[in-house]
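The values are calculated or read from the model by the stated rules, or taken from the named source; none is laboratory data. All of these numbers come straight from a predicted model, not from anything done at the bench. Positions of Cβ are generated from backbone atoms using ideal geometry, with glycine treated the same way; all protein chains shown enter the neighbour counts. Please note that ligands, DNA and RNA were not included when accessible areas were found on the heavy atoms of the full protein model with its side chains. Shrake-Rupley method; radii C 1.70, N 1.55, O 1.52, S 1.80 Å.
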Amino acid sequence: MVSRVIPVDPFDLVIFGGTGDLARRKIYPGLFRRFCSGQIGPETRFIGAARTELDNKGYRKFVADAINEFYPEAANSRKKLNAFLKLISYILVDALGETGWDQLADIADADRVQAFYFSVAPRLFGDLAKRLHKHGLAEDNCRIVVEKPFGRDLESARELNRVLARHFGEHQIYRIDHYLGKETVQNLMAIRFGNMLFEPLWNSQYVDHIQITVAESVGVGGRGDYYDRSGAMRDMMQNHLMQLLCLIAMEPPAKFNPDAVRDEKLKVIRALDPVGMDDIVRGQYEGTGDRAGYRIQVGNRDSTTESFVALRANISNWRWAGTPFYLRTGKRLRDRASEIAVVFKDAPHSIFDEDAGRHRNILTIKLQPNEGIELGVTIKEPGPGGMRLIDVPLDMSFAEALGPEEADFPDAYERLIMDVIRGNQTLFMRGDEVEAAWAWTDPVIAEWETLGDEPLPYVTGGSGPDEALMLMHRDGRRWREIKA
Ligand code: NAP
């Protein structure tokens, strides 16, 4: 199979925060890969913008170092890297002052797509939007890409939406959630809506429950300061897990276009019941030495911020009434493993005797570390010994099904940036979606604050607090093992 790379017209991408961590680790290595694939041509321009004193030469070295570090395969394509670096320049810009803005306006080319990536701290988003507008850089060919977090509660998200809307139309605003850029997440829609096989079973009559797990094995690392003001509920549940929940639970949109998809996602969020305190567990990892506990890592011995959260969500609509969704995410867990598991109900009647065992179909959509889809089916155990049943996976691991080259698909960031250039907002969150997600999250956080709730301790390298296991045990179910 030969993959089709469709080149895009030359465009300009200004990366505010062009000297930052995200630009180094994700944005430039991703752009380089798209350049190598032929999708980005030699007339495109990338402009790094930040306050650090650098000339073009110094900035290109910064970018080359980043690519070599985070995309080591680049060492094999020295010529390509040099050609890529020629597309890059640097402008010293202050989001909070006048420095650099005239220069940015001078080089702007009204005849091509101009994208502005806000890869800076969220407190600067409003200032950037305001100054872009003031300098004539908010015209219809201009788009802004806004990083997470988008607010820290409903009120701040609303305010941010209002500020951005003063200067840009909703069709120009791309709120990024990199989980939506994953190949498998899009495949989830292809599986659901491109096959006759699954959709008739995709409801509470046939689905017992759905589990969504986003587990990390690392701790807060260098982000302790930010994380301690945020926590797992704000940092992961409100956005990434919520988005996955929407895609798995939404009704089929009439068309695969941005508003049709986002309308359906919004309906899911609005149909979510409020989460009661009995249906949610929060935890904080403990540890010493090499595997220091959360409080040590963030330097706050009284911190009550959660590094783990597990909850049971109910969607009150015709499709899902009676099918619970169990969601969990946390740091310092056994493995880095993210997946969605759709657990189907037992067959209504077993024709086999008890020895055959009880079996269920499970459709697993794996997101991390490897992407793929697996369907567990029940078959007869081969060989003599009568009718004994076993579960075997029908494995649709992309690397095996498509061959390693085909499975080497774009990283989430590069895919999403290309969608920005193509003007496709399907995989970006709309303002009302983000607000609805906060409206569901806020009361939980408010209640924890009112109760003075302390997160439950859990050991590093495990699967979270025991109480999280109980959340499912009491319903006669159990979490799947966290396994990469
Ligand atoms: P970072 O490493 O702290 O970089 C911040 C960038 O902002 C630097 O390039 C800094 O450059 C620039 N900056 C600061 N003040 C500025 C000003 N007044 N005017 C112009 N530029 C200014 O942050 P990051 O980790 O790259 O994160 C950037 C954004 O992405 C944040 O919203 C973050 O939440 C989000 N994000 C990051 C990651 C990640 O993996 N890093 C993941 C998800 C989301 P100068 O100091 O040179 O001005």
- Leaving ligands, DNA and RNA out of it, report the carbon-plus-sulfur percent of the accessible area of the chain at a 1.4 Å probe. 51 percent
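Taking the range 158-303 on its own, what percent of its Cα-Cα pair distances exceed 18 Å?
Details: 7348 of 10585 pairs.
Percent of Cα pairs beyond 18 Å in the range 158-303: 69.
Taking the Kirkwood radius as the inverse of the mean 1/r across Cα pairs, report the Rg/Rh of the range 11-147. Before the final figure, lay out each step's value.
Values: Rg = 14.3 Å, Rh = 15.1 Å.
Taking Rh as the inverse mean 1/r over Cα pairs, Rg/Rh reads 0.95.
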- Query: If the cut-off is 15 Å between C-alpha atoms, which aspartates and glutamates fall inside it for Lys134, apart from same-chain ones fewer than 8 positions away?
  - Reply: Asp94, Glu98, Asp102, Asp106
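Can you give the relative contact order of the chain as a percent, counting alpha carbon pairs under 8 Å and 6+ residues apart?
Working: 859 pairs, mean separation 84.2, N = 484.
Normalised by residue count, the contact order of the chain is 17 percent.
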- Measure out, as a whole number of angstrom, how far apart the alpha-carbon centroids of the range 57-100 and the range 444-460 sit. 43 Å
- Roll a 1.4 Å probe over the protein heavy atoms and report the accessible area of Ser350 in Å², nearest 10. 70 Å²
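Taking the Cα centre of the range 282-360 as origin, work out the dipole magnitude from +1 charges on Lys and Arg Cβ and -1 charges on Asp and Glu Cβ, in debye rounded to 20. Provide the component values of the computation, followed by the final result.
Working: 14 positive and 10 negative charges, 89 e Å.
Magnitude of the dipole: close to 420 debye.
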- Considering the zone a paramagnetic label at Arg166 would reach in this model (a point 7 Å from Cα along the Cα-to-Cβ line), which residues of the range 89-119 have amide N under 18 Å from it? 95-98
- Item | Highest average packing first - 446-458, 32-44, 214-226, Cβ atoms within 10 Å | 32-44, 214-226, 446-458
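Let me know the charge dipole size of the chain about its Cα centre in debye, to the nearest 20, where only the beta-carbon of Lys, Arg (+1) and Asp, Glu (-1) is charged. Walk me through the numbers on the way to the answer.
Details: 62 positive and 72 negative charges, 159 e Å.
Roughly 760 debye for the chain.
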- Message: Taking 8 Å as the Cα distance limit and 6 or more residues as the minimum spacing, I'd like the relative contact order of the range 191-315 as a percentage.
- Response: 27 percent
- Cα coordinate range in the chain, projected on the principal axes (Å, largest first): 78, 57, 48
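Quote to one decimal, in nm, the extra length available between Trp318 and Asn76 on full extension: 0.36 nm per residue of separation minus the C-alpha distance between them. Mind showing how you got there, number by number?
On the way: separation 242, 0.36 × 242 = 87.12 nm, distance 5.44 nm.
Taking 0.36 nm per residue and subtracting the Cα distance, the gain is 81.7 nm.
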- Note down the accessible area of Lys255, probe 1.4 Å, to the nearest 10 Å². 130 Å²
- Query: Hey, which aspartates and glutamates would be in cross-link range of Lys255, C-alpha to C-alpha under 13 Å, not counting anything within fewer than 8 residues on its own chain?
  - Reply: Asp263, Glu264
- Query: Given a cut-off of under 8 Å on Cα pairs at least six residues apart, what relative contact order in percent is computed for the range 11-147?
  - Reply: 31 percent
- Which links in Lys26/Lys182; Lys26/Lys148; Lys148/Lys366; Lys267/Lys345 stretch past 21 Å when you go from one Cα to the other? Lys148/Lys366; Lys267/Lys345
- Note on the structure: For the range 30-137, dividing by residue count, accessible area per residue (probe 1.4 Å) in Å² works out to 49 Å²
- Signed unit charges on C-beta, dipole axis of the chain, positive-most listed residue Asn424, Met250, Ile482: Asn424
- For the range 251-392, dividing by residue count, accessible area per residue (probe 1.4 Å) in Å² works out to 50 Å²
